[in-house]
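Visitor: First the structure, then my questions, so here it is.
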Amino acid sequence: MTDSKYEPAKIEAKWQALWDKERTFKVEETKKDKIYVLDMFPYPSAQGLHVGHVEGYTATDIYCRYLRMKGIAVLHPMGWDAFGLPAENYAIKTGTHPQKLTWQNIDNYRRQLKSLGFSYDWSREINTADPAYYKWTQWLFLQLYEKGLAYQKTAPVNWCSSCQTVLANEQVINGECERCHNQVEQRQMKQWFFKITEYADELLKDLDKLDWPANIVEMQKNWIGKSTGAEVEFKIKKQKLKIKIFTTRLDTIFGATYLVLAPEHKLIQQLRNKINNWPEVEKYIKESQKRTELERKAEIKEKTGVRLKGLVAINPANQEEMPIFIADYVLTSYGTGAIMAVPAHDERDFEFAKKFGLPIKYVVTPAKVSVSQSKTGVHWLSNQGVFEEDGVLYGCEEFNGLSSSDARHKIAKKLGAKLTTKYRLRDWLISRQRYWGAPIPIIYCETCGIIPVPVKDLPVLLPEDVDFKPTGESPLVKSQSFHQVKCPKCGLPAHRENDTMDTFVDSSWYFLRYCDPQNNQEAFNPKKVASWCPVNFYVGGAEHAVMHLLYARFFTKVLADLGYIKFREPFLKLRNQGLILGEDGQKMSKSRGNVINPDEIVEQYGADTLRLYEMFMGPLEDSKPWNTSSIIGVRRFLEKVWRLATDLITEQQTNNKAEEANLAYWSAYTTKKVTTDIESFNFNTAISILMEFSNVILTTAGAEKVKAIKNLLILLYPFAPHLTSELWEKLGERGYIWQQVWPAWQEESLIKENVKIIVQVNGKVRDTIDCSLGMDQAAVERIAKQSIKVAKFLTGKILKVIYVKDRLINFVVE
C-alpha cells in the first residue's frame, strides 16, 4: 500500500481551481463536430441549490465530458432565471432591494455548482435581471408588437383586496391568497398579451417531429387542445338575440336538454331586463369572480349554477324548448362561452343535470347495439350513467341508425351549422403588476396614443425610487424618475407602461443568448446561433412541460418568421429527471424536515460521491427516495478505485494468460456497456457495470491489469471527474485524463474462449458441457439442467449446488 489516502475535499478543490484557472471547458467557434447540451437554468432562490438540481445537472455533465473525449465540441452553458416574485416578496417583507438578494443568491448558486465540478462554460454566463440581458427581452417585445403579435386588451386577473395586488394563478390556493389567506376575486384590467394562438396549429403539428418524452408531448397537445366541431345558433324564445354554441358532438344535439352560459357572457347583461331573477343571477356572477379559471376548470368540484328565469332557448334540431342556466364550469376562454348541455353523453353536464333535476335523454347507443335493439341499449345506458363514446344514433328522427361520425356531417348540413376548429390554447398574458421584472417598453401619449420605445432608447431600466408596498398597482406607478419621459413621436410629456413582463418571457429565448452572450449590438448574431442551434439535448424538470417549453417554441417560430433564425423548434431532444424524495418517501419540504442539503453531502462524502450516488439511485426519469446507507456504499466503491490505482504503483506484476484473457473481455464489455448507457442516459446501469469491472480487476493479477485500471479510470471520469483526474496524475500518465480519447472496443474481445465443465449429480459424472470462460454459476446451472443426460437425475429436490469456476458443477439431490 502507498501512504496516500482518498481525501475528496482536498483533491476536489485542487481540480476545480485548475478548471477555473485554465477555463478548461470554454468552447470556441469551430467547424468540427459540435453539440449543444443545455440544462434548464435555475431561479436563484435564497434556499440555494437542492438535490433535484444536482440530479439533472450531473446527468448532462456526464454526457458532456464523454462527448468532449469523443472529440466533439460541446456548448454547455449556465445562467440565472433571476427575475420573479420571491425576491420581490422578500423586498416587501424586509425592505431589502430584490437585486441585492438576487445577486447574493447567484453568487451562492455559482459556488455550489462549481463545488460539484460541473463542466460549464462560465464565460457564457447570463443573468435575466441584468440590463444587458433584459434590453434584448424588451427588443423582442418590440419585434412582436411590430408584427402584430403583442397587443393590449381588458382581461380578468386574480385580485387580493387585502394585499391590494394582482396574483398569479400559482399564488391562489383554494381560492385564497397564499400570503394573507384572503378570498381572491376576479377583476377586469388592461393587460398585454402575446398572440400565441396564431401559431396553435403549427405548435401542435410540430410536436411529432421532436424526440421528447411521450407524457410531455401529450400534455402540450392537451394544453393546445385542438377541437374540430360546429358552431350552432339557438334562438331565444320571443327575443331577437341568439346564443351561439360550439360543440364537437353535434351528433348528440337531439339529446340537449338545457343551455349553459359562462357568468361573463355578454348576452347576460344584454338580457338582464328579461331575467326575472336578476338579483340571484347578479349575486352568482359576483361569487364566480372570486374563483380562478383553474378552480373553475377543476373536475372534482361540485357544480353550481343559476337558471335564467324568463328566458327559454329553442333546440334547432327538434324545436324543443330548453331552460338556460349560467354556471362557472363554462368559460368564455374556450369555444363561444356557451354550451348545449347533453347530460346523457357528457360527465359534467350529467352531474349538473342530476343536481338540478334536469332531463337526461340518451340519443347515442354503443355501436354493437342495432337500431332494432336500440331501446334496449338506451335502457341499459340509463342504468350505467354517461355514455361519452361515439356510437349509433337513436331517437334522432331521420338520423336514426347513423354512426356518430356520419351524423355529425349530415346534421350540420341540415342546420346550416358552421364547421370549425377551435383551440383550448389562449393568448399569453404577459403583464405583471410587479416591480422585479423587465419593464414593458411602451409609452403612452395623450396625443399620439400607444408608442413603442425606440430601440436606441433601450433598455428601459427599472427605477430605484420605488416603494414596494402593494397598493393594487405596479410599484413603478409612483416612480417619478421612471415617468419623466417625452413622447418619441411628438415630444410632449408622456408616461411609461407601469407593468413588467412575465418572467417566462425572459426564459423563452435565453438559449439563443448563450450563443453570443457578450453582444452589445444585437440580441444575438444569427451566424453564431446558426452554428450551435437548435439545442441538441435539453434536460430539466417535467414541471416545465407546458408553460416554458410552449413559450420557447412560440418564440422560436416567431423569430424564424422574422428571419433572425433558420430553425422552427428550439429543443430537438428533451429528457426529464424525476423527483428525489426524502428518506421517508415524501416530497422534500422544510415542513417535513426531510430536505437534503447538497453542501452537507459534499462536505461529508465528497462531490464525486454525491454525483455518482444520484445517478446510481435508479433511472433518471423516475422518482427515487434518498437513502443515506446507499450513499455510503457508493463512497466505498470510490475508495476501492482509489486503492486499486494507488496500489498499482507499487504492486508486483505477474503474468497469467487466463486471467489476462478474462480481463480483456471485461474491459471490452465494460467499455461497450458504459458507452451505450451514457448515450442513452442509463447512468445507473453504467455505474453498476463499472462496479463489477472494479471487482474483476481486484481479483486479477497480470500485465493486463495496468491497462484495465487505466481504462476503468477513463470510463469512470465523466461520473467522478475529481478522483479520476487525481489518480491519472498519480499514475504518471501524460496529459490530463479529460484530454484522453474515449476508448473503443474490439468485438472479438467480447468473444470468450470456451471451456469444458464437468457436470456431477451427487458426486457422479453425468455429462460434460461447453461454457464460456469465466461464466457465472447461474448461467452454468441453466445450461447443465438443459442436458438430457443430467435432467433425468434431477427429479428430486436439489439441496445444494457446488461450483468450481470453469471446471466443475455438482448438484446435491435428496
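The values are calculated or read from the model by the stated rules, or taken from the named source; none is laboratory data. Here the structure is a predicted model, which is why all the values come from computation and not from measurement. Cβ placement follows ideal geometry from the backbone for every residue including glycine, while neighbour counts extend to all protein chains displayed. Please note that ligands, DNA and RNA were not included when accessible areas were found on the heavy atoms of the full protein model with its side chains. Shrake-Rupley method; radii C 1.70, N 1.55, O 1.52, S 1.80 Å.
Visitor: Could you pull out the pairs from K283/K309; K32/K528; K705/K730; K153/K486; K244/K274; K205/K573 whose alpha carbons sit more than 21 Å apart here?
Guide: With Cα atoms farther than 21 Å apart: K153/K486.
Visitor: Toward the positive end of the charge dipole of the chain, about the Cα centre and with charges on Cβ (Lys, Arg +1; Asp, Glu -1), which of P441, C487, T365 goes farthest?
Guide: T365
Visitor: Does segment 1-73 classify as rounded, prolate or oblate by the C-alpha gyration tensor (a ≥ b ≥ c root eigenvalues; a/c under 1.5 gives rounded; else a/b over b/c gives prolate, otherwise oblate)?
Guide: Oblate, because a/c is 1.5 or more while a/b does not exceed b/c.
Visitor: Same structure, new question: Can you classify segment 513-626 as rounded, prolate or oblate using the Cα gyration tensor, where a ≥ b ≥ c are the square roots of its eigenvalues, rounded means a/c under 1.5, and otherwise it's prolate if a/b beats b/c and oblate if not?
Guide: Because a/c hits 1.5 or more and a/b exceeds b/c, segment 513-626 counts as prolate.
Visitor: In cubic angstrom, how much convex hull volume per residue do the alpha carbon atoms of segment 516-580 span?
Guide: 101 Å³
Visitor: Sticking with this structure for a sec: At a probe size of 1.4 Å, how large is the accessible area of D599, to the nearest 10 Å²?
Guide: 50 Å²
Visitor: Going by the alpha-carbon gyration tensor, a ≥ b ≥ c the square roots of its eigenvalues, is segment 1-140 rounded (a/c under 1.5) or, if a/c is not under 1.5, prolate (a/b greater than b/c) versus oblate?
Guide: oblate
Visitor: Starting from the eigenvalues of the Cα gyration tensor, five times each then square-rooted, give me the equivalent ellipsoid semi-axes of segment 622-769, largest first, whole Å.
Guide: Rounded to whole Å, the semi-axes are 29, 21, 17.
Visitor: Quick one: check the C-alpha center-to-center distance for segment 667-724 versus segment 555-626, whole angstrom.
Guide: Distance between centres, Cα-based: 24 Å.
Visitor: Just read off the accessible area of R636 with the full protein assembly in place, 1.4 Å probe, to the nearest 10 Å².
Guide: 150 Å²
Visitor: Next up: How large is the charge dipole for segment 113-255, taken about the Cα centre, if only the Cβ atoms of Lys, Arg (+1) and Asp, Glu (-1) carry charge, to the nearest 20 debye?
Guide: 960 debye
Visitor: What span do the alpha-carbon atoms of segment 558-683 cover on each of the three principal axes, reported in whole Å from largest to smallest?
Guide: Result, largest extent first: 68, 47, 22 Å.
Visitor: Kindly provide the Kirkwood hydrodynamic radius of segment 32-78 in Å, to one decimal, from all pairs of distinct alpha carbon atoms.
Guide: For segment 32-78, inverting the mean 1/r across all distinct Cα pairs yields 11.8 Å.
Visitor: Segment 25-97 to segment 738-796: how many Å between their Cα centroids?
Guide: So the separation of the two Cα centres works out to 48 Å.
Visitor: Next question. By the scheme Lys and Arg +1, Asp and Glu -1, what is the net charge of all other residues having a beta-carbon under 15 Å from that of N519?
Guide: With Lys, Arg at +1 and Asp, Glu at -1, the neighbours total 0.
Visitor: Still on this structure, please answer the following. Cross-link partners among aspartates and glutamates for K195, C-alpha distance below 15 Å, same-chain residues fewer than 8 apart left out?
Guide: Within the straight-line limit of under 15 Å, K195 reaches these aspartates and glutamates: E146, D427, D502, D561.
Visitor: Using amide H atoms built in the peptide plane, which far-off residues or other-chain residues are under 5 Å from L808 H to H?
Guide: I758
Visitor: What GluC sites (Glu not before Pro) in segment 237-337 are in a loop by DSSP, with at most 11 other Cβ atoms within 10 Å of the Cβ?
Guide: Those that pass, being in a loop and sparsely packed, are E299, E302.
Visitor: Please report, for the Cα atoms of segment 202-255, the Rg to one decimal and the Dmax as a whole number; what are they, in angstrom?
Guide: Both quantities, over Cα of segment 202-255: 17.7, 57 Å.
Visitor: Distances over 14 Å make up what percent of all Cα-Cα pairs in segment 109-156?
Guide: 69 percent
Visitor: Could you work out the helix-only [θ] at 222 nm for the chain, with each DSSP H run of four or more residues adding -39,500 (n - 2.57) and the total divided by the number of residues, to the nearest 500 deg cm²/dmol?
Guide: -11000 deg cm²/dmol, from helical runs alone.
Visitor: Same structure, new question: If you rank R424, R249, R65 by how much accessible surface each has, with a 1.4 Å probe, what is the order from largest down?
Guide: R424, R249, R65
Visitor: Then there is this: Can you return the aspartates and glutamates within cross-link range of K789? Criterion is Cα-Cα under 13 Å, with same-chain partners fewer than 8 residues away left out.
Guide: D767
Visitor: Whole-Hz ³J(HN,Hα) for each residue in segment 52-61, computed from phi via Karplus 6.51 cos²θ - 1.76 cosθ + 1.60 with θ = phi - 60°, x for glycine and proline: what do you get?
Guide: Computed from phi, the couplings for segment 52-61 are x, 4, 4, 4, x, 5, 5, 4, 5, 5 Hz.
Visitor: Can you compute the equivalent ellipsoid semi-axes for the chain, i.e. the square root of 5 times each eigenvalue of the Cα gyration tensor, sorted largest first and rounded to whole Å?
Guide: 60, 41, 23
Visitor: While we're here: Whole number please: convex hull volume per residue, Cα atoms of segment 110-202, in Å³.
Guide: Expressed per residue, the convex hull around the Cα atoms of segment 110-202 is 222 Å³.
Visitor: Separate question: By how many degrees, between 0 and 90 and to the nearest 10, does the Cα long axis of helix 374-384 differ from the longest principal axis of the chain?
Guide: 70 degrees
Visitor: Let me cross-check V706: its accessible surface, 1.4 Å probe, with only protein heavy atoms counted, in Å² to the nearest 10?
Guide: In the full protein context, V706 sits at about 40 Å².
Visitor: Among the aspartates and glutamates, select those whose C-alpha is under 16 Å from the C-alpha of K673, and discard any that sit fewer than 8 residues away in the same chain.
Guide: By straight Cα distance, K673 reaches E692, E747, E748.
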